[in-house]
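What follows is one structure encoded as structure tokens, with my remarks underneath.
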Amino acid sequence: MKKYLTLAAILGAIAFISVSYLAQAEPKDATAPAAAMAPATAPVSAADAYAADLDMCKTMTSAPTDSAAAAPSEEAQKAAFKKCMNDKGHNDDEIKAADEKAAADKKAADEKAAAPAEAPKADAPAAK
């Protein structure tokens, strides 16, 4: 039994010394550990961040709030959406500008869809 306790004490001391030595060792390339641990993500643009927050807040505010599974009223939904976007760091002017841009884009798309398609002009005479 004494052999096993001695062996365990020796192995424990070796492990302790090894860990202490590795903790004090300096890496050859100082930027390697930071680069290895940093996630490989591209920087997110402000428009992408706003779009992601917009989708998340719309989803969260349109969910039923009570056990009867009734959708929240439009006023409550707008208030909750505004609060959610403000909590994400977007101010009221930014939200209003994005809403106006979305409305203008929708109006332009509707006008384009409603415009009659031009008939192709016949350059060549019809074959007889």
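A few notes on this one:
- Note on Lys83 and Asp105: with the Förster distance fixed at 30 Å, the Cβ-Cβ geometry gives a FRET efficiency of about 0.75.
- Long pairs among Lys58/Lys107; Lys78/Lys107; Lys82/Lys112; Lys58/Lys96; Lys78/Lys106, criterion Cα-Cα beyond 24 Å: Lys82/Lys112
- Cα gyration tensor category, rounded, prolate or oblate, for the stretch 46-114 with a/c compared to 1.5: oblate
Values in this text are rule-based calculations from the coordinates and carry no lab data. Please read all numbers here as calculations on a predicted model, not as lab measurements. Counting neighbours? That spans all protein chains shown, and the Cβs are built from the backbone with ideal geometry, glycine included.
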